[in-house]
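The block underneath contains the structure these notes are about, expressed in structure tokens.
Here, each number is a calculation from the coordinates, and none is a lab measurement. Since we're looking at a predicted model, the values are computed, not measured. Reconstructed Cβ throughout: ideal geometry from the backbone, glycine too, with neighbour counts over all protein chains shown.
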Amino acid sequence: MSTKPPNSRVKLTKTTLAKIEPPATGQRFVRDTDLKGFGVRVTAKGHKSFILEKRINGRVKRITLGRDTELTVSQARTRAQQLLGQIAMGEDPVAKARRARARGVALPQAYADYLKSRPRLRPSTRRDYDRAIYTVFADWHQRPLHTLTGPMILHRHRELAAERSEQAANNYMRVLRAVFTFAMDRYEDGSGRPVIAQNPVLILTRTRAWYPADRRRTWIKPSQLPAWYRGVESLRDNAHHRAMGSTVADLLLLALFTGLRRSEAATLRWQDIDLEDATLTVATTKSHRRHTLPFATFVHTLFVRRLGAQQNHYVFPGFAGQGHLTEPKRQIAHVVETSGVYFSMHDLRRTFLTVADTLAISPYTIKRLANHSTQSDVTAGYIISDTERLRNAMQRIEEFLLSALQIANSEKVVPINFEVPAKSSK
């Protein structure tokens, strides 16, 4: 008896279906001789699925009816005949099924797809987004995305403002708005029409319901800097903070003298520091642009001090040398209590930039020091500010801060041109 597999066309029955052998690789299609378009697809693993092929709106489309473990040949044939009847009446079952799937997408699936399209999200941003989706909007997870309406958004926005804060309510809704904007482009029916026609979060814009932004403008005034500096230095000898005191003290000083954001400073690696050229490079920034910044004598001395205490490849290692330093809330609280100067890490960046402005440094240079975008500024596009041109500005800012902090050069700073210590092998 021949073991040759059936021809590509055969009358599909329970018996002939069982005789269809899988291909060595890929897929094999066997069409039915009685019902045009009806057939079975067989994979190399032996999986068999009933299919219907039919030209719809000028294009041949293949519809999967179900696996042979789910349908009998007779049931699959009946289903194919029903679909052929719908197509004859002008319907598009492929588009209908795709529309049904898309309309069933709920917030968790949309968010998961959104994250796949945003692989460069910063870890801190990802944590904020996760908190919004999985905590704040957890009760909406079972609802299809298209059932979330404008009035629901308005009501939740007011609730969040009352329970948490107005700015938190705004931030959570911005996350939801981003997911909806993505979903409008991502999910379509079989005819290419979006399943979600409009973003319901935009009702906050149309009704002017967004809470006004209270942009922080705090900074450390020159008159406060001596007390602040004494508070920072007290970390080095404080018994409660001795394990991380010097590391945090140097991080705070670096942030003040360079204007780096907390995450940019805390994640600096030794490979990012060039002591000979006196430059540092931040590879991962908020703007996604590499940021190379020169530094002057005080910061150079700070890096040499850190190199002498090197524990891993981070300039500011975490506790017991594990990873990098994270937000030092307890140490900042100590400095605030000791000095009487309230501040946040970002206040140090604002202080740096305010000092630059006080010194009448060019606005274009300040933008370059802060790594702010100048794309919308036509004039700035014609000005080339290389790293060396920033060095004079950094030197002037350092001199101002040293004077304001009441740090004598002979006490805290050594000459910049000296032999750099060999890097630790740790």
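A few comments on the model shown:
- Taking the charge dipole of the chain about its Cα centre, with +1 at Lys and Arg Cβ atoms and -1 at Asp and Glu Cβ atoms, the residue from Thr78, Thr207, Gln109 reaching farthest to the positive side is Thr78.
- Expected-Rg normalisation [2.2 N^0.38 Å, Cα atoms] applied to the range 147-264: 1.71
- Dividing the helix sum by the residues of the chain, where each DSSP H run of 4 or more adds -39500 (n - 2.57), gives a mean residue ellipticity at 222 nm of -13500 deg cm²/dmol.
- DSSP bridge orientation in the chain - percent antiparallel, rounded to nearest 5: 95 percent
- Three-way shape call for the range 222-412 based on the alpha-carbon gyration tensor, with the a/c threshold at 1.5: prolate
- Shape call, the range 9-91: gyration tensor on alpha carbons, a/c limit 1.5: prolate
- The range 239-280 residues near the modelled His372 label - backbone nitrogen below 20 Å, point 7 Å along Cα→Cβ: 255-265
- Summed side-chain charge close to Arg31 - residues other than Arg31 whose Cβ falls under 9 Å, Lys, Arg +1, Asp, Glu -1: 0
- Dipole check for the range 107-206: with +1 at the C-beta of Lys and Arg, -1 at the C-beta of Asp and Glu, and the Cα centre as origin, the magnitude is about 320 Debye.
- Whole-angstrom gap from the range 282-353 to the range 221-274, using each part's C-alpha centre: 5 Å
- Computed over neighbours whose Cβ is under 13 Å from that of Asp130, the net charge equals +4, Lys and Arg +1, Asp and Glu -1.
- Span-rule helices in the chain, defined as complete DSSP H runs reaching 18 Å or more along the axis (Cα) with Kyte mean at least 1.0: 245-258
- Farthest positive-ward along the chain dipole, Cα basis, beta-carbon charges - from Gln322, Gln142, Val335: Gln142
- Fraction of alpha-carbon pairs over 21 Å apart in the range 14-171 - percent: 64 percent
- For the range 107-206, the alpha-carbon radius of gyration amounts to 1.06 times the rule-of-thumb value 2.2 N^0.38 Å expected for a compact globular protein.
- Here's the picture: charge each Lys and Arg Cβ at +1 and each Asp and Glu Cβ at -1 in the chain, and of Val30, Leu405, Thr13 the one pushed furthest to the positive end of that dipole is Thr13.
- Nonlocal amide H pairs with Gly66, under 5 Å, H built at 1.01 Å: Phe50
- The Cβ shell under 13 Å around Ala243 holds other residues with a net charge of +2, Lys and Arg each +1, Asp and Glu each -1.
- Among Arg186, Arg217, Arg391, residue whose mean-square fluctuation peaks in a GNM of the chain (springs only between Cα atoms under 10 Å): Arg217
- Protection proxy ranking, peptides 23-36, 42-55, average beta carbon neighbours within 10 Å, highest first: 42-55, 23-36
- Using the average count of surrounding beta-carbon atoms within 10 Å as a protection proxy, the listed peptides 357-365, 104-112 rank, highest first, as 104-112, 357-365.
- The dipole here belongs to the chain: it is taken about the Cα centre, uses +1 on the Cβ of Lys and Arg and -1 on the Cβ of Asp and Glu, and is about 2560 debye.
- Part-to-part distance (alpha-carbon centres) for the range 14-40 and the range 136-162, which is given in Å: 49 Å
- Test item: Cα-centred dipole of the range 21-87, Lys/Arg +1 and Asp/Glu -1 on Cβ, debye: 300 debye
- Quarter of Cα convex hull surface for the chain, i.e. mean projection, nm²: 32.6 nm²
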